[in-house]
Amino acid sequence: MYLVFDIGGTTVRAALYDPDRGQLMHTHRSATPSTWSERTATAADLHDQLVRRIGEASNALLGAQRPKAVCLAFPGPVDATGRVLVAPTVWGRARSKPVAPAVELAHLWPSSHIYVINDVTAAGYRYVATGLADFCILTVSSGVGHKVFVGGREIVGPGGRGGEIGHWVVDPSPHAPPCDCGGRGHVGAVTSGRGALLLARRRAYAQPRLFGESALCRYRASDPEQLRTEDLVASFADEDAWTVRLIGDVARPLGRALGAIHLTVGVERFVIVGGFALALGERYRALLVSAARESCLDLGQDWDSMIQLGYHDDDSGLIGAGVYLQRQFGDRSSVPCMPAGALQ
Ligand SMILES: [Zn+2]
């Protein structure tokens, strides 16, 4: 049995993964101790709390059993030696030095192989298991990340710095939205769920009459400070014009970024995952398609078929971490098949 973790900015997901069946058996979720949830905690406190949280999840799932292998998916770039270079959604700028989770957590599983990979890389392996080999996976939730896969392997460069489109500057203005990493105007700051919420509030204050006339204001939240991303999602589904314009403006830079990735490496398949994107759904995908198409040299690409939505659940990182371990141990015979109708 494998033990897999997908550590997000808000949730530590853990599960047992059965390599024979190619599926998750039991899952466990707990809140991530982060710079954003515990604002007075020191970097050392947050680190210790995370180690404790991981240990508790392991105990809850395994008891006294020993896993054959452990895979930890972290939300940050990971180098070839398994060091997490930064993890802005967990630690903000509090930890500027790389950390080596496999070393720091070795006492939890002293007789097990421990692997550390990026969380978007892990999600990508779920799709590798369905037969995709050359594709780009893009996650849009509280942040934005991507990884390009070629031949069924992620391409991140010798230093592990690739696949971080979320930290590319698309708004160089001094008042551009702040990014978790400490920069400003990055793709992740502008086009994520968090970025959409910030833009909604800024516009609500700047255009009070237009906001007041919107269905978002009338039926969801009249106080901009009370707005939540769920309100934006619901108003977008209701086709509220103010919200549709807002999401269009948020999606456009991300669609252009997909165009840049396509022109850079030629990848022709984009799988969109992440809570914010999947909640917005098909019409959001269509906005990305339009923006990507308009940003690129037209060589006859069919952007509508190139960009697709992924599985609408919260398990991609966990399943992908299990698939990654299967591949490490050379057991590909039980790789799960693509469930019918799962990919949209
Ligand atoms: Zn950034």
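The values are calculated or read from the model by the stated rules, or taken from the named source; none is laboratory data. The structure displayed is predicted, hence computed values, not measured ones. All Cβ positions, even for glycine, are placed from backbone atoms using ideal geometry, and neighbour counts span all protein chains on display.
For the reader, a short list of remarks on this structure follows.
- Taken together, the residues in the range 82-119 that are of a type in the set (A, V, I, L, M) and in contact with a Leu (Cβ under 8 Å, 6 or more places away or on another chain) amount to 7.
- Of all residues in the range 266-281, those that are under 11 Å from F135 (Cα atoms) and buried (at least 19 other Cβ atoms within 10 Å of the Cβ) have Cβ atoms under 9 Å from Cβ atoms of residues that are at pLDDT below 95 and hydrophobic (A, V, I, L, M, F, W, C), 6 or more apart or on another chain, in V271/L343.
- Where a residue in the range 182-193 is without any contact (Cβ under 8 Å) to a residue 24 or more places away in the chain and under 19 Å from V233 (Cα atoms) and its partner, wherever it lies, is near the ligand (Cβ under 8 Å from one of its atoms) and part of a loop (DSSP other than H, G, I, E, B), with Cβ under 6 Å and at least six apart: A189/C179
- Failed condition for V78, given (1) within 16 Å of the ligand (Cβ to nearest atom); (2) among the hydrophobic types (A, V, I, L, M, F, W, C); (3) surrounded by 20 or more Cβ atoms within 10 Å (Cβ to Cβ): (1)
- Hey, A221 at pLDDT 95 or above, in contact with a Lys or Arg (Cβ under 9 Å, 6 or more places away or on another chain) and of a type in the set (A, V, I, L, M) or not: no
- When the range 11-52 is filtered for residues that are touching a residue at least 12 places away in the same chain (Cβ under 8 Å), within 18 Å of R93 (Cβ to Cβ) and among the β-branched types (V, I, T), the ones remaining, listed by number, are T32, T35, T42.
- Only listed residue being within 16 Å of the ligand (Cβ to nearest atom) and not aromatic (F, W, Y), chosen from V169, V233: V169
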